[in-house]
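The values are calculated or read from the model by the stated rules, or taken from the named source; none is laboratory data. Just so it is clear, the model here is predicted, and its values are computed rather than measured. Cβ placement follows ideal geometry from the backbone for every residue including glycine, while neighbour counts extend to all protein chains displayed.
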Amino acid sequence: MKSMASTSEKILDIAQSLIVSGGYNGFSYADISVAIGIRKASIHHHFPTKAELVSVLVDRYRRQAEAGLQSLTEQVVSPAEQLQSYLNYWQTCIQDSSHPFCVCAMLAGEMQMLPEEVASGVRVHFQSLAAWLTSVLRAGVEQGLFRLSKRPEDEAQMLMASVHGAMLSARAFGDPGLFTTIVTTQMTKLTK
């Protein structure tokens, strides 16, 4: 049973890297088969359809992200430092490719073409992230660390859009510093 879980995880890992590099429609089971060295039938055994595979992947990614944000909330007391740690995580990702690009951000760009089970998982990820950002911003306001020009929910949406847009801009221009410039400007607006 352990090798089945291991094979499933390998399939998910490869699918994630393929989505990050080429999107939902940019990979097939044949690509996964070549990367892992297993037959396509084996992949279908674990994940009968591509939609099911990507839906499981999005759920796994969301749970990992939620666990990471929960851990950050528990380990870092200051909302300003929590937010900066979140931004630093993505800054490191963009600069040295040590972490994969946000798979849900990539999939969000294809929402109209995604199967509903995948699209709904992507929406849940963004709702979860927005809720966390809202709670951090609200706590920061209560502690006098942030000054918001809009409701925390709206500011969270703007911040989330800035972070994901900065990821895409840095990637499009091949300039990791662009991410830093964009998110630093957003952080400065919150803390002035």
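Per-residue answers, yes or no, for (1) within 19 Å of TRP132 (Cβ to Cβ); (2) surrounded by fewer than 13 Cβ atoms within 10 Å (Cβ to Cβ); (3) in contact with a Gly (Cβ under 8 Å, 6 or more places away or on another chain); (4) among the aromatic types (Phe, Trp, Tyr):
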residue: LEU72; (1), (2), (3), (4): yes, no, no, no
residue: GLN82; (1), (2), (3), (4): yes, no, no, no
residue: TYR86; (1), (2), (3), (4): yes, no, no, yes
residue: TRP90; (1), (2), (3), (4): yes, no, no, yes
residue: ASP96; (1), (2), (3), (4): no, yes, no, no
residue: CYS102; (1), (2), (3), (4): yes, no, no, no
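Residue by residue, here is whether (1) of a type outside the set (Lys, Arg); (2) in a loop (DSSP other than H, G, I, E, B); (3) at pLDDT below 95; (4) in contact with a His (Cβ under 6 Å, 6 or more places away or on another chain) holds:
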{"site": "ASN88", "(1), (2), (3), (4)": "yes, no, yes, no"}
{"site": "PHE101", "(1), (2), (3), (4)": "yes, yes, yes, no"}
{"site": "VAL136", "(1), (2), (3), (4)": "yes, no, no, no"}
{"site": "HIS164", "(1), (2), (3), (4)": "yes, no, yes, no"}
{"site": "GLN186", "(1), (2), (3), (4)": "yes, no, yes, no"}
Going by the structure shown, is ALA156 modelled with pLDDT of 95 or more and surrounded by fewer than 20 Cβ atoms within 10 Å (Cβ to Cβ)? no
The stretch 109-134 - residue that is in a helix (DSSP H, G or I) and of a type in the set (Asp, Glu) and, of those, farthest from ALA15 (Cα to Cα): GLU116
